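First the structure, in the form of structure tokens, and then the observations on it.
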Amino acid sequence: MAKIFSSSLRCRLPVLVAIFEVLLLVLYAVFVTYDDSTNAALQTNQTDPLQNSVYHVYPFFVDVQVMLFVGFGCLLAFMKRYGFGGMVFNFLTATFAIQWAVIVQGFFQFYHDGKIHVGVFNLLNAEFACAVVLISFGAILGRTSPIQLLVMALLEVPIFAVTEWTILKYLKINDAGGSILIHIFACYFGLGVSAILYRPCLNEGHSKEGSTYQSDLLSVLGTLFLWVFWPSFNSSLTLPGDDQHRAIIHTFIGLSSSTLTAFALSALLNRRGKLTMADIQNVTLAGGVTVGASVDMMISPVGAFALGMIGCTACMLGYKYLTPFMAKKLRIQDQCGIHNLHGLTGLISTMAVIICILIASEDTYGPSLYQTFAHRAPVEGDPRLKELQELIPGLNPGEGRSASEQALYQAAALGFSIGVSVAGGLLTGLVLRLPVLAQPPDEFCFDDALYFEVPEEFDNSVLPTSNYDLVAIKD
């Protein structure tokens, strides 16, 4: 028997996009309005334009934009026959994810007086939700249709928003660089989806899965964009001033140490003693994730250096040994190795932040301890709070937590993030298996010609050329 698979997007993609965009158009019309910084009616001759939040937030917004659209896009274009898919499907998915996240996160974080109040900060916040989707995308790169990717974004963004809101509102943790909220959630969600979409035939490799000289160059260009702008990613949500200053320094030091370590390990672990481009494209970035959760703390420059080296080593060994083991023994295929770059490093970062919380004291931080660790500040009415507010005007009341209590909340957030992301990924994977979503058959994975009009020099001889783009697949 044979099943007929159609690669044509002529009906399914326009219909799906029309449904999504009409839905979003209605939601934006009914619920979205300007926040105080963007509403012209609230500006007077007493308003100082230079104090508008756009001047603080917009530089970070632009940097993260470059990471999402250029950095991720180029990085995912490493396959020799899937450069269009890696970059363009990243573009498509990211744009929709940000549109959708503005609404979903808006209801949880920016909703009052019956409206979602939008400014540039909302867009920056939505970009972090988008980053979650794009990281998850890496686990199933080349094995899914654009229809499936849009549906995945549709489901993942609300699940992430609920997780984010729950952790920030009730567990109240320190995670400036998003190691727990972004990297770990995205990793295990993507692996959950991949486990359901498992393809045993792909474990033995695929003829179209490799790279070329040009595709590796494009991919490492994406790595360089991510590397350069990662300090903005890690520092954008930290407290302005010394916390943000430390975050930038620690991220750079962590990235630089992981980069040099990656070069050394790549040559050491290669049988011929040569550098492997996949290591340069991915493992060099490990330090940015490993310092993430503690990036604004007094971890010291040497601490950031050590975390970069540790994260890089774990990431490198993960690519070499853990990824093949997961595919063959656990039936979890990880196309881009997101478990190594985001999962393992995120776990190390979580352990590091717990240690930092346990050893943090006023001897090291001074009164600003209760700004960096806001939930350790005394509760409202505590005489100690008044003393601290004299030293730090504007200090907000906290939860009065001890160091050990805050550390337990960090651990609880880790467990909650992993649990929800795995469950959400498995459920999303089941939805993505629906035939109407046009999942490509094994033999046509990792190939742009399945969904794109490709140039003449592109060898598409293995794909159908009929006007109907129908393929007979053996059952």
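The values are calculated or read from the model by the stated rules, or taken from the named source; none is laboratory data. Not measured: the values here are computed from a predicted model. No Cβ is skipped: glycine too gets one built from the backbone with ideal geometry, and neighbour counts run over all protein chains shown. Protein only, heavy atoms only, side chains kept; ligands, DNA and RNA dropped before computing areas. Shrake-Rupley method; radii C 1.70, N 1.55, O 1.52, S 1.80 Å.
How about region 355-434: which GluC sites (Glu not before Pro) there are in a DSSP loop, with at most 16 other Cβ atoms within 10 Å of their Cβ? Can you show the working numbers first?
Numbers: sites: Glu362, Glu380, Glu387, Glu390, Glu399, Glu405; in loops: Glu380, Glu399.
Qualifying residues, ordered by number: Glu380, Glu399.
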### Query
How do the peptides 407-413, 53-59 rank, highest first, by the average count of neighbouring beta carbon atoms within 10 Å per residue?
407-413, 53-59
### Message
Rolling a 1.4 Å sphere over the protein heavy atoms, what is the accessible area per residue of the chain, to the nearest Å²?
### Response
44 Å²
### Message
Defining a contact as two alpha carbons under 8 Å apart and six or more residues distant in sequence, what relative contact order in percent does region 163-256 show?
### Response
29 percent
#### Entry: Percent accessible area from carbon and sulfur atoms, the chain, protein chains only, probe 1.4 Å
65 percent
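Based on the mean of other beta carbon atoms within 10 Å per residue, what is the order of 371-378, 254-261, 201-208, 113-120, most packed first? Write out the running numbers ahead of the final one.
Values: 371-378: 19.8, 254-261: 23.9, 201-208: 13.0, 113-120: 16.2.
Highest to lowest by the protection proxy: 254-261, 371-378, 113-120, 201-208.
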### Task
Report, by chain and number, residues whose modeled amide H sits under 5 Å from the one on Ala377, excluding near sequence neighbours (fewer than 5 apart, same chain).
Gly398, Glu399, Gly400, Arg401
### Query
Each residue of region 175-187 in order: what ³J(HN,Hα) in whole Hz does its phi give by Karplus 6.51 cos²θ - 1.76 cosθ + 1.60, θ = phi - 60°, with x for Gly and Pro?
7, 4, x, x, 4, 7, 6, 9, 5, 5, 4, 4, 4
### Loop chymotrypsin sites (Phe, Trp or Tyr not before Pro), region 116-204 (other Cβ atoms within 10 Å of the site Cβ: 13 or fewer; DSSP)
none
### Selection of trypsin sites (Lys or Arg not before Pro), region 210-288, meeting DSSP coil and at most 14 other Cβ within 10 Å
Arg271, Arg272, Lys274
### Highest-first arrangement of 289-300, 311-322, 70-81, where packing means the average Cβ count within 10 Å
289-300, 70-81, 311-322
### Task
Please grab the % of Cα pairs in region 117-210 that end up more than 17 Å from each other.
56 percent
### Task
Could you go through region 114-126 in sequence order and give the Karplus-derived ³J(HN,Hα) for each residue, using 6.51 cos²θ - 1.76 cosθ + 1.60 with θ = phi - 60°, rounded to whole Hz, and x for Gly and Pro?
x, 9, 8, 8, 10, x, 5, 4, 4, 5, 4, 4, 5
### Task
Kindly provide the helix-only [θ] at 222 nm of the chain, computed as the sum of -39,500 (n - 2.57) over DSSP H runs of four or more divided by all residues, to the nearest 500 deg cm²/dmol?
-18000 deg cm²/dmol
